[in-house]
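What follows is a single structure, written as structure tokens, with notes after it.
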2 protein chains.
Amino acid sequence: MSRIDTLVLATRNPKKVPELRAILADAGLDVEVRGLDGYPDAPEVAETEPTFTGNALLKARAITAHTGLPAVADDSGLRVDELNGMPGVLSARWSGRFGTESGDRDSANLVLVLDQLADTPPQRRGAEFVCAAALVLPTGEEHVVEGVLRGSLIAEPRGANGFGYDPIFVPEGETRTTAEMTPEEKNAVSHRGTAFRALARKVRDLG
Amino acid sequence: MSRIDTLVLATRNPKKVPELRAILADAGLDVEVRGLDGYPDAPEVAETEPTFTGNALLKARAITAHTGLPAVADDSGLRVDELNGMPGVLSARWSGRFGTESGDRDSANLVLVLDQLADTPPQRRGAEFVCAAALVLPTGEEHVVEGVLRGSLIAEPRGANGFGYDPIFVPEGETRTTAEMTPEEKNAVSHRGTAFRALARKVRDLG
């Protein structure tokens, strides 16, 4: 029997709960996964840390403190080589007020990165998606794992799946963008999938 | 007598020529400085290199090749610690199409940096202005010098002098922004002033 029988995932996105549930089941674990739906008073945690790991820990600690249960939280983003690893932790708000004013923040972030790389030739357009996933136990024990997907950025968006920077990101060894892959194909290789599978192994090792 | 008696400064900004002229005179040098006004067919060089040094050399080489005279060119920008040294060489076009569309690119670049640092506390708001100045001789001899001004970024723009990011940049040991300093005060400490004074010493040493 696993030391952990219930996990709270720090998300209000209802799609993410079954995703983690499936990954834990694939790892042979019988763990109940809850989202924040049952915790309407759970704190909203601002992602103010300069690293993905810092933000994931910040969120997981807050949810463990609030619920008294083991909590999992993640933070993800795109590191662009030519931008010295930015947008990084700012991926979701890279275009600032321009994204807010445009009403489509994902598109604004994406076109801003494309404009910033306008003079950058293909051989310098390397990038990686990164996800840090943190597990915090009520005992104070903390674990963080990271998943990385290397690739490069194309100049014209392609594909309608995924979100964020997916339409311009082509993983290494692929010809399609992650927005042209099915959700299953993307999960099998993605930074988030890799991080959560590593986290599942961590949960199992704690058993 | 100096080996160099005429220099072409790779700029179409008429204010920059007397500035370099004065710096060379202060260094005790009798050198004629020309801008690109007399060279209407001089090539426009795109700043496609990932470093200030690379861009300054690119421009100086092109002007030396075109004029047959020693040429000086510079490239400058703002490196923000929290943005891993960006906007860097992209300082003038950081906001991409949002700056172009807004009609005031300087302001758009500045507010974008402010928005990207919205959650960054004062102790993490370090930044530096950097200027690389290159001197290329018709013989192929090349020299590059760099000037740096360390400081930090405030959250509310102040001052009407200068341009670009000046209204949010406070040099180390100062309380005013570089947009609140007179042009003379700014030149005495600025990245550009430092780089051009170092270049003047280089010209003198070649004499």
DSSP beta bridges in the protein assembly as shown, what fraction antiparallel, as a percent rounded to 5? 85
Round to the nearest 10 and report in Å² the accessible area of residue B:39, as given by a 1.4 Å probe over the protein chains' heavy atoms. 40
Where a Cα-Cα gap under 23 Å defines reach, which lysines qualify for residue A:202, not counting those fewer than 8 residues away within the same chain? A:15, A:16, A:59, A:186
For the range A:114-121, in residue order, the Karplus 3J(HN,Hα) values (coefficients 6.51, -1.76, 1.60; θ = phi - 60°; whole Hz; Gly and Pro = x) are 4, 5, 5, 9, 3, 9, 9, x
Could you please report the charge total around residue A:166, scoring K, R as +1 and D, E as -1 over all other residues with beta-carbon less than 11 angstrom from its beta-carbon? +1
Per DSSP H run of n ≥ 4, the term is -39500 (n - 2.57); total these for the protein assembly as shown, divide by its residue number, and report the mean residue ellipticity at 222 nm rounded to 500 deg cm²/dmol. -10000 deg cm²/dmol
Could you pull the Rg and Dmax for the protein assembly as shown, using just the Cα atoms, both in Å? 25.9, 88
Which order do A:26, B:74 take by accessible area at a 1.4 Å probe, largest first? A:26, B:74
In nm, to one decimal, how far is the residue B:13 label point from the residue B:141 one, both placed 7 Å along Cα→Cβ? 2.8
Can you figure out the FRET efficiency of residue A:202 with residue A:97, using R₀ = 30 Å and their beta-carbon distance, to the nearest 0.05? 0.15
Mind listing which GluC sites (Glu not before Pro) in the range B:36-104 are in a DSSP loop and have 11 or fewer other Cβ atoms within 10 Å? B:44
What's the magnitude of the charge dipole for the range A:9-92 around its Cα centre, counting Lys and Arg as +1 and Asp and Glu as -1 at the beta-carbon? Answer in Debye, nearest 20. 140
Length gained when the stretch residue A:104-residue A:161 is fully extended (0.36 nm per residue, less Cα-Cα span): 18.9 nm
Cα-projected label distance for residue B:148 with residue B:41, points at 7 Å along beta-carbon direction, nm: 4.2
Mind checking the log10 I(q)/I(0) for the range A:1-73 at q = 0.15, 0.16, 0.19, 0.25 Å⁻¹? Debye, one equal scatterer per Cα, no solvent, two decimals. -0.50, -0.57, -0.78, -1.17
Rg in Å to one decimal, and Dmax rounded to a whole Å, for chain B via C-alpha atoms: 17.5, 56
Over the range A:1-87, calculate the relative contact order: mean separation of alpha carbon pairs under 8 Å at least 6 apart, over the residue count, as a percent. 31
What longest region of chain B stays clear of trypsin sites (Lys or Arg not before Pro) that DSSP places outside H, G, I, E and B and that have at most 15 other Cβ atoms within 10 Å? B:16-157
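Sorted by accessible area (1.4 Å probe), largest first, how do B:196, A:98 line up?
The residues order as A:98, B:196, largest area first.
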Placing +1 on each Lys and Arg Cβ and -1 on each Asp and Glu Cβ in chain B, then taking the dipole about the Cα centre, the residue among B:78, B:42, B:66 whose Cα reaches farthest towards the positive end is B:66
Dipole magnitude of the protein assembly as shown about its Cα centre (Cβ charges: Lys, Arg +1; Asp, Glu -1), debye to nearest 20: 260
Quick one: what are the phi-derived ³J(HN,Hα) couplings along the range A:147-156, Karplus 6.51/-1.76/1.60 with θ = phi - 60°, whole Hz, x for glycine and proline? x, 10, 10, 7, x, 8, 9, 8, 8, 10
Can you tell me the dipole magnitude for chain A around its Cα centre, using point charges on the Cβ only (Lys, Arg +1; Asp, Glu -1), in Debye to the nearest 20? 220
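The values are calculated or read from the model by the stated rules, or taken from the named source; none is laboratory data. What you see is a predicted model; the values in this text were computed from it and never measured. No Cβ is skipped: glycine too gets one built from the backbone with ideal geometry, and neighbour counts run over all protein chains shown. These accessible areas exclude ligands, DNA and RNA; they are computed on the full protein's heavy atoms, side chains included. Shrake-Rupley method; radii C 1.70, N 1.55, O 1.52, S 1.80 Å.
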